[in-house]
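Heads up, the thing below is written out as structure tokens.
The values are calculated or read from the model by the stated rules, or taken from the named source; none is laboratory data. Since the model is a prediction, treat every value here as computed from it, not as a measurement. Every residue, glycine among them, receives a Cβ derived from its backbone with ideal geometry; neighbour counts consider all protein chains shown.
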């Protein structure tokens, strides 16, 4: 077994910092996509279900790209795979320009898919790579810390989107019809700019980051694997891995569904009136938005509060990186799942500020779920770790399936009672923490050595 002191080397610390910047970027971009939903829904006159197709296009990339992405990285190396992923993300951002000019919803969906394809390529490698940059006993803590910076990106994004994407009022179809031809052209030009400017800026940043990343010297974990390679056939027979994949599917779906529909949900709660009636709420909005409350429309006010949902996940991950060091990770996962279920139950049965803040608080308890499920699922699978990572990242497609299902249910019974679907998702996560993570077959064995963790990261 390798000397554990090697994990304290400057090379590994630099690698951890560099890779963690990627977590920040894809978190920021993922939530920026959420801000498009209320805007696209009004402009294209979409139902809640159709609006959910934005997330469907985005997260379907995880289903289509995860396994080919892992294969690509195994052939061209980790660094080149990351560069390809960043460039692909940049191309996806650039596609928002013609989509906004032409106002064709299908082009928006293609742009979403290409952008997510780049993110997927990064994520297939980055999660197990971070887990491998140190002793296995602290892998969950390390991944929680990297995911905390992912949450920093998701926390900042709503503020940026509220200012750049939700900053101007969206007109209804009847309002647009009442405009003169010149006014209508000017309105559509403004709508296009609201989408184009932030995503073109992101494309430039991503291309620069790809160039810089190509110059970094990273530990050649993937490229130096001389152990026996596992197979997907073996990986698919590991009970706790496959149950973990279901957990990832349901967790990502629930998290994205809440984040995607928060603005619409808050509008049904009449958030503008709630803010006007509460001095401390007005102070929060004015502080976060940097604008006087009288200058903001209802959509932007609602979008500002999404900050607390993703901000809670960020705080929870920083705290959670310590909790899973001192307490058994699977029990922490089960407790957080139970609290999330209780909070959603409260938002269904209450109204006003109570309904608003209980659903926002779910973000705090979402925090440790993805990294903890991920590390529990790949724990002890040895030579199948690369394949396990591909399977788990494929399961992120839950973000493409659950939001449209939630939207379809909301179209029938309303946004508030439809949260019952997400309560069921968190119920499964509680099961995985209490039981599923311990269901190990002959292939999924423990403990694995430090060398195995380091050598078999995807």
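In segment 350-363, which residues are over 14 Å from the mean Cα position of the chain (by Cα) and part of a helix (DSSP H, G or I)? Selection gives 352, 353, 354, 355, 356, 357, 358, 359, 360, 361, 362. Mind listing just one residue for me: the one in segment 287-315 that is more than 25 Å from the chain's Cα centre (by Cα) and within 18 Å of residue 156 (Cβ to Cβ) and, of those, modelled with the highest pLDDT? Looking at the filtered set, the residue picked out is 287.
Of all residues in segment 406-427, those being crowded, with 18+ Cβ neighbours inside 10 Å and closer than 28 Å to residue 240 by Cα number 6.
Comparison of 294, 311, 345 shows that the only residue that is surrounded by fewer than 22 Cβ atoms within 10 Å (Cβ to Cβ), out of contact with any helix residue (DSSP H, G or I) (no Cβ under 8 Å at 6 or more places or on another chain) and either part of a helix (DSSP H, G or I) or free of Cβ contacts under 8 Å to residues at least 60 places away in the same chain (or both) is 294.
Right, residue 14: surrounded by fewer than 18 Cβ atoms within 10 Å (Cβ to Cβ), part of a helix (DSSP H, G or I) and modelled with pLDDT of 75 or more or not? Yes: the conditions hold for residue 14.
The set of residues from segment 134-153 being farther than 21 Å from residue 327 by Cβ and at pLDDT below 75 is empty. If you check 83, 110, 101 for being modelled with pLDDT of 80 or more and either farther than 23 Å from residue 147 by Cβ or in contact with a strand residue (DSSP E or B) (Cβ under 7 Å, 6 or more places away or on another chain) (or both), only one passes: 110. Before we move on, is residue 261 touching a residue at least 12 places away in the same chain (Cβ under 8 Å) and surrounded by fewer than 24 Cβ atoms within 10 Å (Cβ to Cβ)? In short, no. Of the candidates 86, 109, 143, the single residue that is surrounded by fewer than 20 Cβ atoms within 10 Å (Cβ to Cβ) and within 18 Å of the chain's Cα centre (by Cα) is 109.
When residue 380 is tested against the conditions (1) part of a helix (DSSP H, G or I); (2) at pLDDT below 95, the lone failure is (1). Residues of segment 262-272 that are in a helix (DSSP H, G or I) and either modelled with pLDDT of 85 or more or over 30 Å from residue 47 (Cβ atoms) (or both): 262, 263, 264, 265, 266, 267, 268. Within segment 54-80, residues that are closer than 23 Å to residue 104 by Cα reach partners that are modelled with pLDDT under 80 and crowded, with 22+ Cβ neighbours inside 10 Å with beta carbons closer than 6 Å, at six or more positions or on different chains, in the pairs 54/37; 58/33. For residue 320, are the conditions met, namely being surrounded by 15 or more Cβ atoms within 10 Å (Cβ to Cβ) and touching a residue at least 12 places away in the same chain (Cβ under 8 Å)? Yes; evaluated as a whole, the condition is true for this residue.
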